[in-house]
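The values are calculated or read from the model by the stated rules, or taken from the named source; none is laboratory data. As the structure is a prediction and not an experimental result, all values here were calculated from the model. Virtual Cβ from ideal backbone geometry, glycine too; neighbours counted across all protein chains shown. Just so you know, the surface numbers come from the protein's heavy atoms only, side chains and all, with ligands and any DNA or RNA stripped out. Shrake-Rupley method; radii C 1.70, N 1.55, O 1.52, S 1.80 Å.
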Protein chains: 2
Amino acid sequence: MEISPVTVIGLLAASCTTISFLPQVLKTWKSKSAKDLSWGMFSIFATGVFLWLVYGLMISDLPIILANAVTLLLVLTILYFKFTFDRDEPAAN
Amino acid sequence: MEISPVTVIGLLAASCTTISFLPQVLKTWKSKSAKDLSWGMFSIFATGVFLWLVYGLMISDLPIILANAVTLLLVLTILYFKFTFDRDEPAAN
């Protein structure tokens, strides 16, 4: 099986957009502060990633399924942190 | 031209993951605070979106090109805000 340069670029792109949420998870976990994160951004993004996951399942595309399953897990973790830490710090919105 | 349910799901997914960054841009612009946003997340994500854009150009796929061009613009705006507002508030990291 030969991997084309286009496929390499696509795989690199998918790796970046997936793992990028890990530093945010770690930062928010350490700082226990999420007030600057937008509810709108992370909830709409989570909805989009969920729909990508459904799309991947409908077309049986394993890379789309895997990348979006991992991303969804990380984004839901960030949403959970925001819910928890904003509640503990009521002055923030 | 007939649009299949799979295509509709894909278009909805792409719309969500693209427009999701707009509420973050607006929130950060209003609050002038970006200290809870992770440099790692937004810079790796911007790299990934740039690579998706290159990928879209290489396979001449207009939806991939458009969605990622808009997302890149929004994510670069957030990075610019973080650079500017973190500098004005040196206690934050």
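Report the accessible area of A:Arg87, computed with a 1.4 Å probe over the heavy atoms of all protein chains in place, in Å² rounded to the nearest 10.
Estimated to the nearest 10 Å², A:Arg87 gives 140 Å².
Of A:Val6, B:Leu66, B:Gly48, which is farthest on the positive side of the dipole of the protein assembly as shown, counting Cα position, with +1 on Lys and Arg Cβ, -1 on Asp and Glu Cβ, and the Cα centre as origin?
Highest projection toward the positive end goes to B:Gly48.
Take each complete run of DSSP H in chain A, measure how far its Cα atoms stretch along the helix's own axis, and keep only those covering 18 Å or more with mean Kyte-Doolittle hydropathy at least -1.0; list them.
Sorted by number, the helices that extend far enough and score high enough are A:5-19, A:39-58, A:62-88.
So how do A:70-80, B:41-51 stack up, highest first, on mean other-Cβ count within 10 Å?
Packing proxy ranking, top to bottom: B:41-51, A:70-80.
Between B and A, which B residue has the Cβ nearest their rotation axis, distance in Å?
Measuring from each Cβ to the axis, the minimum is at B:Asp36, 2.
Between copies, how far does the label point of B:Gly40 sit from its twins, in nm, shortest first, when each point is 7 Å from Cα along Cα→Cβ?
Output for B:Gly40: 2.8 nm, nearest copy listed first.
Any chance you could get the radius of gyration and Dmax over the Cα atoms of the protein assembly as shown, in Å?
Rg and Dmax of the protein assembly as shown, Cα atoms, are 16.8, 56 Å.
Work out the mean other chain Cβ neighbour count within 10 Å for the residues of B:32-39 and drop it here as an integer.
On the way: counts 0, 3, 2, 5, 12, 8, 12, 3.
That average works out to 6.
To one decimal in nm, how far is A:Leu73 from the same spot in the other copies, if labels go 7 Å from Cα toward Cβ? Please give the shortest first.
Once sorted, the set of distances for A:Leu73 reads 3.5 nm.
With every atom except the alpha carbons ignored, what do you get for Rg and Dmax of chain A, in angstroms?
15.7, 56
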